[in-house]
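Undergrad: I have a structure I would like to understand better, so I am pasting it below and will then ask my questions one at a time.
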Amino acid sequence: MDSYILESLIFIPVLTAFVLILIPSSWIRVIRGISVAVGALLMWFSGYVFFAFEENGSASNFQFIKEYEWLETVGISFSLGVDGLAALMVLLTGIVSITGLVIATNVAKEPKNYYILLFTLIGGVYGTFVSIDLFFFFFFYELAIVPMYLLIAVWGSSSKFKDFARTKEYSALKLVLMIVAASVLVWIGVITIYVQAGAATFNILELSALIQSDKNPLSSDFQNIVFPMMMIGFGLLAGLWPFHTWSPDGHVAAPTSVSMLHAGVLMKLGAFGIIRVGMSLLPEGFETWSLLLLILGTINVVYGAISALSQTDLKYVIGYSSVSHMGYVLMGIGTADTVGLAGASLQMFSHGVMTALFFAMVGAIYERTHTRDTLILNGLASRMGWASGFFILAGLASLGLPGLSGFVSELLVFIGAFRTEPLLGVLGIIGAAITATYILRLIGRVFFGRIDSQWEGLTDLSIKEFSVGAFLIMPIVGVGIFPAPFLNVIRPSVDVIMRGIS
């Protein structure tokens, strides 16, 4: 199973998309059954990659390495491998994918085409996390982004932001244009690193070893110029302020399962890219610009929390909350500290699971009430007890309640921040306090209090919605109560990355 496990994670979703093309559109139950079954298989393989990962397995801490020649003339190979950070992201992708695919069974409009695009996106996400060749890393990164336009523009919903209408086409186009524009910066950076290194290889491990040797071909000036391109290019997908504006609009317009994948794993690709490419291949550039990244991440935390505080649309609240929580990830990376980077890695996982649960429950509420207006929704806990319970638990993880995953990851980020720039650490904690304010106010307003008569007939979660909620709760509680197994996998990889910086 070890031999082709990473290849399977990439090609199973892609092959499933091709198989679905051949199935008649009228076979809706078959399409849904195949999709959920493949999602379960991907979850099994993702879990295997994470739990079979050996701590301190090699000097570079990369395992399951496979390499296939593709374009030998310029040194491009289909190279795969995972370190502890990538293994955790693979597990996250499996968790969010299976739950998103189950929720997608609610899609009535052209489910066949919807699943084809969804599997293309999932294949791109897996490919990005497991690729150790710069060319294929970028290829899969783009593959994960492209389907988002159609998924939102065709299956999404329009909304209003304050007094301005936001059509689904507007949100989809804004998302794709901004991310593709940022990808141009990344692609320029990739090509310049390859040419300047002069090693005739796109392999990240080989380039990293060369850059860390005495024969480092990338000068400090070169790294100081290229790293900001990578920071902005990848950071935009991670919701980096002030380039974050596409994200809340995209969250709100997207159908539920796409929102889950968008916030759960797609935003992680940006932060992962900063670590895998920016920190590993441009260590001196990272040292120069890390303080700015820390400052911008702190602004993300505070700005996103204040923005969420002023929203009345449930999805906009969660959308700006995602901007805020991705700020903790960027803060942790920007600390250039071992503990901070470990916290950023764990925060990516925690936020991915937590926000997938948020959007799943918001989708269930919207399907029954046909509104996301928090000024109208009230007292839902008396009619939707399970939905309320799952949403509340996700909210408590979001505000950093001890015993849940958000507390552990944010604690590590704060320790890293205080060890680097204490003032920014204080601002980060203030952002967490604002998060507690809007989460508790939202819970009190929407789920408790006297229920309006129009909500008296609401039904609670279906079996599949309950199963999704219960499944997502497990890692939130598991990481919160017993984080050691996750940190043990992450920590050696973090040590290797930080040694490269030093």
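The values are calculated or read from the model by the stated rules, or taken from the named source; none is laboratory data. Please read all numbers here as calculations on a predicted model, not as lab measurements. Neighbour counts run over all protein chains shown; Cβ positions are idealised from the backbone, glycine included.
Residue-by-condition table, conditions (1) assigned to a loop (DSSP other than H, G, I, E, B); (2) farther than 23 Å from Thr312 by Cβ:
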residue: Leu375; (1), (2): yes, no
residue: Ile415; (1), (2): no, yes
residue: Phe418; (1), (2): no, yes
residue: Leu423; (1), (2): no, yes
residue: Ala432; (1), (2): no, no
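Undergrad: Spot the failing condition for Val446; the list is (1) at pLDDT below 90; (2) surrounded by fewer than 18 Cβ atoms within 10 Å (Cβ to Cβ); (3) in a helix (DSSP H, G or I), and only one is missed.
TA: Val446 satisfies every listed condition except (2).
Undergrad: Can you tell me which of Ile10, Ile95 is touching a Pro at 6+ places or on another chain (Cβ under 7 Å), crowded, with 19+ Cβ neighbours inside 10 Å and either modelled with pLDDT of 90 or more or closer than 25 Å to Met498 by Cβ (or both)?
TA: Only one candidate qualifies: Ile95.
Undergrad: Out of the residues in region 455-502 that are of a type in the set (S, T, N, Q) and over 24 Å from Ile333 (Cβ atoms), state the one that is surrounded by the fewest Cβ atoms within 10 Å (Cβ to Cβ).
TA: My answer is Thr459.
Undergrad: Could you give every pair whose Cβ atoms fall below 8 Å, whose first residue belongs to region 470-490 and is over 17 Å from Gly400 (Cβ atoms), and whose second residue is among the hydroxyl-bearing types (Ser, Thr, Tyr) and crowded, with 19+ Cβ neighbours inside 10 Å, counting only separations of at least 6 or pairs across chains?
TA: Phe471/Thr99; Leu472/Thr99; Ile490/Ser345
Undergrad: Exactly one of (1) closer than 30 Å to Leu294 by Cβ; (2) out of contact with any Phe, Trp or Tyr (no Cβ under 7 Å at 6 or more places or on another chain) is unmet by Glu410. Its number?
TA: (2)
Undergrad: Can you tell me which residues in region 55-78 are over 26 Å from the mean Cα position of the chain (by Cα) and aromatic (Phe, Trp, Tyr)?
TA: Of everything in region 55-78, those that are over 26 Å from the mean Cα position of the chain (by Cα) and aromatic (Phe, Trp, Tyr) turn out to be Tyr68, Trp70.
Every residue, every condition in (1) within 21 Å of Phe139 (Cα to Cα); (2) more than 24 Å from the chain's Cα centre (by Cα), yes or no:
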{"site": "Leu9", "(1), (2)": "yes, no"}
{"site": "Trp27", "(1), (2)": "no, yes"}
{"site": "Gly33", "(1), (2)": "no, yes"}
{"site": "Leu80", "(1), (2)": "yes, no"}
{"site": "Ile95", "(1), (2)": "no, no"}
{"site": "Ile98", "(1), (2)": "no, no"}
{"site": "Val102", "(1), (2)": "no, no"}
{"site": "Tyr114", "(1), (2)": "no, no"}
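Undergrad: Return the pair list, or none, for Cβ contacts closer than 6 Å from residues in region 174-186 that are closer than 9 Å to Glu142 by Cβ to residues that are of a type in the set (Ser, Thr, Tyr) and crowded, with 18+ Cβ neighbours inside 10 Å, at least 6 apart or on different chains.
TA: none
Undergrad: For region 215-259, name all the residues that are more than 25 Å from Ile501 (Cα to Cα) and of a type outside the set (Gly, Ala, Ser).
TA: Pro242, Phe243, His244, Thr245, Trp246, Pro248, Asp249, His251, Val252, Pro255, Thr256, Val258
Undergrad: Find all pairs meeting these conditions: Cβ atoms under 9 angstrom apart; at least six residues apart or on different chains; first residue within region 394-410 and touching a residue at least 24 places away in the same chain (Cβ under 8 Å); second residue acidic (Asp, Glu) and buried (at least 24 other Cβ atoms within 10 Å of the Cβ).
TA: Gly400/Glu410
Undergrad: Specify which of the listed residues (Met331, Met354) is assigned to a helix (DSSP H, G or I), in contact with a Leu (Cβ under 9 Å, 6 or more places away or on another chain), hydrophobic (A, V, I, L, M, F, W, C) and farther than 13 Å from Gly425 by Cα. Even if it seems obvious, please write down each step before you answer.
TA: Numbers: Met331 fails: farther than 13 Å from Gly425 by Cα.
Criteria check complete, one pass: Met354.
Undergrad: Now for a different question. Taking Phe129 as the residue in question, decide whether it is surrounded by fewer than 24 Cβ atoms within 10 Å (Cβ to Cβ), touching a residue at least 60 places away in the same chain (Cβ under 8 Å) and in a helix (DSSP H, G or I).
TA: Against the criterion (surrounded by fewer than 24 Cβ atoms within 10 Å (Cβ to Cβ), touching a residue at least 60 places away in the same chain (Cβ under 8 Å) and in a helix (DSSP H, G or I)), Phe129 does not qualify.
Undergrad: Being over 16 Å from Arg441 (Cβ atoms), in contact (Cβ under 8 Å) with a residue 40 or more places away in the chain and either of a type outside the set (Lys, Arg) or buried (at least 24 other Cβ atoms within 10 Å of the Cβ) (or both) narrows it down to one residue among Phe358, Phe349, Phe391; which is it?
TA: Answer to the check: Phe349.
Conditions (1) closer than 30 Å to Trp155 by Cβ; (2) among the hydrophobic types (A, V, I, L, M, F, W, C); (3) touching a strand residue (DSSP E or B) at 6+ places or on another chain (Cβ under 6 Å); (4) modelled with pLDDT of 85 or more, marked per residue:
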site	(1), (2), (3), (4)
Ala172	yes, yes, no, no
Val180	yes, yes, no, yes
Ser183	yes, no, no, yes
Ile191	no, yes, no, yes
Lys215	no, no, no, no
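Undergrad: Run down Ala209, Ala182, Ala200 and say which single residue is in a helix (DSSP H, G or I) and over 27 Å from the mean Cα position of the chain (by Cα).
TA: Among Ala209, Ala182, Ala200, only Ala209 is in a helix (DSSP H, G or I) and over 27 Å from the mean Cα position of the chain (by Cα).
Undergrad: Got at least one residue in region 377-385 being at negative phi, buried (at least 20 other Cβ atoms within 10 Å of the Cβ) and modelled with pLDDT of 90 or more?
TA: No, that holds for no residue.
Undergrad: Something else about it: Can you pull out every residue in region 397-420 that is over 20 Å from the mean Cα position of the chain (by Cα) and either buried (at least 19 other Cβ atoms within 10 Å of the Cβ) or of a type outside the set (Gly, Ala, Ser) (or both)?
TA: So in region 397-420, the residues over 20 Å from the mean Cα position of the chain (by Cα) come out as 401-403, 414-420.
Within region 397-420, Leu401, Pro402, Phe414, Ile415, Gly416, Ala417, Phe418, Arg419, Thr420 meet the criteria.
Undergrad: Now for a different question. Return the residue satisfying two criteria in turn: it lies in region 481-492 and is within 19 Å of the chain's Cα centre (by Cα) and not aromatic (Phe, Trp, Tyr), and of such residues it is nearest to Met279 (Cα to Cα).
TA: This residue is Ile490.
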